[in-house]
Amino acid sequence: MNKLITLALIMLSTFSSASAQQVIDIDLWTSGLPNSNGIDKTEPYDDAKRNFKPSIRVFLPEADKATGAAVVACPGGGYDHLALEHEGYDWSNFFNERGIAYAVLKYRMPHGNKEVPISDANEALNVVRQHAQSWNIDPQKVGIMGSSAGGHLATTIATHSQHDTAPNFQILFYPVVTFNLQYTHKGSRYNLIGKDADEEQADLYSNEKQVNDNTPPAIILLSDDDGAVPSYNGVNYYLALKDKGIPASLHVYPSGGHGWGFRSTFRFHEEMLADLDAWLKAMKLGD
């Protein structure tokens with residue numbers, strides 16, 4: 001009987017927590033798209049066809065628990081598709097439980113126009129800051145999170161954006177960072193800047209080379225045995241941040257490969273969550 005009562009209390013607690021979470025869907029470009037990838041203006045939006053409507057799904061914590069911090073997440077997918085669940089929506093409870101607002105960005109694929117996903121990511125940060133008062137957010141505590149190719153998009157925003165529009169921190173999971181052909185994820189490079197891109201373009205979007213004094217602090221989490229995106233990407237980005245005196249934390253797990261996101265099947269899932277939780281607290285972002 002005691003076990004049944006305990007189980008009922010756990011279920012009630014879980015339901016209460018879920019019901020307190022406010023979820024809002026917002027279109028990014030209500031006045032029209034600023035650019036096009038060639039299919040976003042000629043077809044109806046269709047996720048199955050990888051023609052994504054640029055939008056954010058926002059998960060808000062209870063108002064009395066809000067710390068003022070917010071995270072805009074860029075799921076990965078090689079600039080070809082989006083891993084919206086385990087690199088996006090599945091993280092919402094983790095952040096909300098710590099009083100952090102969380103927004104998952106559904107960004108358009110480049111299809112030959114690199115400005116398309118970049119503009120969507122920049123606008124997502126703008127929209128979150130525009131709603132700062134009503135969402136209990138401090139506009140100086142808005143960070144960006146990215147996984148795999150989403151990590152490349154996140155580091156592009158962190159290193160290329162103007163200081164007043166840049167994110168205030170970065171959370172990076174097994175990120176693509178460089179477009180150096182020796183270490184990059186070739187699909188991400190080819191899909192964003194094309195197979196015929198010259199070295200000047202490759203260097204411009206090799207974000208370890210674009211770190212500057214205004215680049216925000218970062219936490220980088222990856223697996224040593226990642227066969228899709230070599231660890232050099234995250235490690236060299238960490239070193240570039242440290243070279244500029246920017247606070248950064250690097251966590252390399254012994255195994256796990258690529259693309260684990262929030263999946264509990266990742267052997268070091270609990271350790272990873274603890275590492276991220278500790279960093280958020282150290283940065284005074286989460287409870």
* Asked: Order of ARG267, ARG189, ARG57 from fewest to most other C-beta atoms within 10 Å?
  -> ARG267, ARG57, ARG189
* Determine the relative contact order of segment 21-282: mean sequence separation of Cα pairs under 8 Å and six or more apart, normalised by residue count, in whole percent. => 16
* Answer rounded, prolate or oblate for segment 156-287, using the Cα gyration tensor with square roots of eigenvalues a ≥ b ≥ c: rounded when a/c is under 1.5, else prolate when a/b is larger than b/c, else oblate. => oblate
* Asked: Taking K and R as +1 and D and E as -1, what net charge do the other residues with C-beta under 11 Å from the C-beta of ASP47 add up to?
  -> +3
* Structure fact -> Most packed first (mean Cβ within 10 Å per residue), the peptides 158-166, 108-116 order as 108-116, 158-166
* Structure fact -> Farthest towards the positive end of the dipole of the chain, among ASN214, ILE56, ASN236 and with Cβ unit charges of +1 on Lys and Arg and -1 on Asp and Glu, lies the Cα of ILE56
* Asked: Could you give the alpha-carbon Rg of segment 21-282 over 2.2 N^0.38 Å, rounded to two decimals?
  -> 0.93
* **Summed side-chain charge close to ARG108 - residues other than ARG108 whose Cβ falls under 15 Å, Lys, Arg +1, Asp, Glu -1** => -3
* **Net charge of neighbours whose Cβ lies under 15 Å from the Cβ of THR215, counting Lys and Arg as +1 and Asp and Glu as -1** => -1
* Asked: Charges only on Cβ, +1 for Lys and Arg, -1 for Asp and Glu: so what's the dipole of the chain about the Cα centre, in debye to the nearest 20?
  -> 320
* Structure fact -> For the chain, longest principal axis from Cα atoms; helix 269-282 axis from its Cα atoms; angle between them, nearest 10 degrees, is 90
* Structure fact -> segment 223-287: relative contact order from alpha carbon pairs under 8 Å, six or more residues apart, as a whole percent, is 32
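Throughout, read-outs are computed from the coordinates displayed, never taken from laboratory work. If you're wondering where the values come from, they're calculated on a predicted model, not measured in any experiment. Backbone-built Cβ (ideal geometry, glycine too); neighbour counts: all protein chains shown.
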